[in-house]
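Student: Quick one: this structure, given as C-alpha cells, is what I'll be asking you about.
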Amino acid sequence: MNHNQQSNDGKHDDDSALSDFLASLMDYTPTIPDELVEHYLAKSGFQCPDVRLIRLVAVATQKFVADVASDSLQHCKARQAAVVKDKRDKQQKDKRLILTMDDLSKSLREYGVNVKQQEYFADSPSTGMDPASRDE
Amino acid sequence: MSGVKTTGGKGEDGPSSSLERAKADDFGRSISKIVVAQICESVGYQGYKESALEALADISIWYPCDLAKNASFHANLAGRTECNVFDITRALEDLGDSHGFPGASETGNCLVDSCIVKGITQFVDTKEEIPFAQPVPKFPVVRNEKLVPSFKHMNEAPPGKHIPSWLPAFPDPHTYNHTPMWTERASNPCADKIEQARRQIKAERALLRLQQRFVLVVCTILPKEAIISDSIIFLLIGDSVHACYWKSMLIMRGEKVWHWLSETCALLSYMSVGFLFHLGFTVFFTLATVESLVSMIAIGY
C-alpha cells in the first residue's frame, strides 16, 4: 500500500512536471517560428490543434540542431588547438570559428546521419599517377 | 554572422543560380537557413560555409518531418487521428535511439517521466530565448478556387439517369459543336481597286510630264495664232486635257487668253475621258505640232 501510494505521488509529480513544462512552453519562444513547423507537420500528416505540441516539436528540433552545432564546434576547436600547438604565429589568424562540412559530417555521423563529401575531384582516372606508369 | 562562400561547394556560381527556377519549398528552406544560422551563432560560431549551412538546414527540415510521421504512426496505432504528447514522446525516443539516451534500455516505463522530455525541459530552462529575426506570415497561402458549378447549381437536368445532380455540370454545347468556318478570300477587292487607281494616276502623270516637255520646247518658238488654232481644234474634238495645256501654255507666256476659251476649257476638263483617249491624242498633238512648224516655215517666221 505504501509503495503504491509513493508511486502514485511520484506519478502525480511527473504529471505536474509535464503539464508545467507544457505550460511554460507558451511563454518560451523557440527560434523556429510556429508557422514553419506547422507547415512541415501538416505536410507529414501530423494533426493536432494544440499549439503547445507544435512548440514542443519546435523546441525538440532546436535542441537537436544545437547539439549537432555544439558537437561540430568542439571538433573545430580541437582542430584549431592542434594547429596552434605547432605554430604560435597563426594564432591570430585562426581565431574565427567557421562551420565547415568536415566538422558537420563528423558530428552528424554520431547522430546516425551520413553526410559525406568527396575528398577531391580528379580530371581523369590517371591523374596523379607516375608518368612512367601513365605511359603504359 | 558572416557567410564564407566555398570553392568546392555550390556557393560560387552567382549568375547560374539566378537562372534556376524557384522551387515550391524555397520559402520554407530559406527560413530554415536563417533559423540554423541563428542557432549556430548562439552556440558560438562566427561564420559558416554555405554548403555546411544548407546541409544543416536540410536536417532541420527533415527532423520535424520524421518526428511528425512517427508521432502520427503511433497515434494511428492507438486508433486515433490526432496526436498527443505521448505520441511525440515515443517518436522522440525512436529518433533518439541511435544516439542513446538515459532510460532507453528500460522497457515498460511510463512516458510521463521520459528522460528525453526531461532533457528538453532542461534545455528550455537553461538556454536563453532567441526569437526568430523576422515575422513570418502564415504559409502556404490558400487561394479560393473557382469550382465548376454542379448540375443542381445551374438548374440543369443531367443528361442521363446514371449521373447524379451534385456533380459538376457539362460544358455548353457551343464549346464543342462543329460549326462551318468562314471561308477566307485570297484577294481583297478594295485593295485591288486602290492599286488600279494608283497605277492609272501614275501613268497619267508620266504622260502629262511628257506633254509638258513637248509644250515647253514648242511654245517658246510657236506663234500665238498657231497655239490658239490648235487649242480650238482640240476643243472641237473634245480633248479637254490638251486644250487646258494649251491654255496654261498661253498663260505662261503671259498672253491674253480669250475668256470663252478658258471657260470652255474648264467645262470640258470635267468631262475628260480615259487614258487611251489621251494617248491617241498625244499622237495627234505631235502631228499637229509638226503641221504648225511646217506652216510656220511656209509663212516665213
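All of the numbers you see were taken from the coordinates with simple rules; none came from a lab. It should be emphasised that the depicted structure is a prediction, and the values quoted were computed from it without experimental measurement. Neighbour counts are summed over all protein chains in view; Cβ atoms, including those assigned to glycine, are modelled from backbone coordinates with ideal geometry.
Student: What's the ranking of B:172-178, A:97-103, A:52-58 by average number of surrounding C-beta atoms within 10 Å, highest first?
Tutor: A:52-58, A:97-103, B:172-178
Student: B:Ser150's amide H: which non-local residues (gap 5+, or another chain) put their own amide H closer than 5 Å, with H modeled 1.01 Å from N in plane and none for Pro or chain starts?
Tutor: Residues meeting the criterion, in which the H sits 1.01 Å from N, are B:Ala169.
Student: Still on this structure: So, in Å, what gap is there between the alpha-carbon centers of segment B:128-162 and segment B:53-111?
Tutor: If you average the Cα positions of each part, the centres end up 32 Å apart.
Student: For B:139-149, what's the mean count of beta carbons from other chains sitting within 10 Å of each residue's beta carbon?
Tutor: Counting Cβ atoms of other protein chains within 10 Å of each residue's Cβ and averaging gives 1.
Student: How big is D, in µm² s⁻¹, for segment B:52-95 by Stokes-Einstein at 37 °C and 0.692 mPa s if Rh is the Kirkwood radius over C-alpha pairs?
Tutor: 301 µm²/s
Student: Still on this model: List the trypsin sites (Lys or Arg not before Pro) within segment B:132-217 that DSSP assigns to loop and that have no more than 12 neighbouring Cβ atoms inside 10 Å.
Tutor: Numbers: sites: B:Lys138, B:Arg143, B:Lys146, B:Lys152, B:Lys161, B:Arg185, B:Lys193, B:Arg198, B:Arg199, B:Lys202, B:Arg205, B:Arg209, B:Arg213; in loops: B:Lys138, B:Arg143, B:Lys146, B:Lys152, B:Lys161, B:Arg185.
Counting only loop positions with at most 12 other Cβ atoms within 10 Å, the trypsin sites (Lys or Arg not before Pro) in segment B:132-217 are B:Lys138, B:Arg143, B:Lys146, B:Lys161, B:Arg185.
Student: If the limit is 28 Å between Cα atoms, which of A:Lys77/A:Lys116; B:Lys69/B:Lys146; B:Lys23/B:Lys118; A:Lys116/B:Lys118; A:Lys95/B:Lys118; A:Lys77/B:Lys23 go over it? Please report the intermediate quantities before stating the final value.
Tutor: Values: A:Lys77/A:Lys116 21 Å; B:Lys69/B:Lys146 32 Å; B:Lys23/B:Lys118 38 Å; A:Lys116/B:Lys118 32 Å; A:Lys95/B:Lys118 35 Å; A:Lys77/B:Lys23 37 Å.
Listed pairs above 28 Å: B:Lys69/B:Lys146; B:Lys23/B:Lys118; A:Lys116/B:Lys118; A:Lys95/B:Lys118; A:Lys77/B:Lys23.
Student: Turning to a different aspect of this structure: Find the eigenvalues of the gyration tensor of the Cα atoms of segment B:25-126, then list the square roots of 5 times those eigenvalues as equivalent ellipsoid semi-axes, largest first, in whole angstrom.
Tutor: Three semi-axes, in Å: 29, 18, 11.
Student: Report, by chain and number, residues whose modeled amide H sits under 5 Å from the one on B:Ile130, excluding near sequence neighbours (fewer than 5 apart, same chain).
Tutor: Close amide H contacts, sequence-distant or interchain: A:Thr31.
Student: Please state the shape class of segment B:68-137: rounded when a/c is under 1.5, otherwise prolate if a/b exceeds b/c and oblate if not, all from the C-alpha gyration tensor.
Tutor: Oblate is the answer for segment B:68-137, as a/c is 1.5 or above yet b/c matches or exceeds a/b.
Student: Across the residues of B:69-76, average count of Cβ atoms on other protein chains within 10 Å? If you can, show how the numbers build up before the last one.
Tutor: Values: counts 5, 2, 8, 6, 1, 0, 4, 1.
Per residue, the number of nearby Cβ atoms from other chains is 3 on average.
Student: Now for a separate question. Other chains near B:28-38: what is the mean number of their Cβ atoms within 10 Å of each residue's Cβ?
Tutor: On the way: counts 5, 1, 0, 5, 5, 0, 2, 9, 8, 1, 4.
For peptide B:28-38, the averaged partner shielding equals 4.
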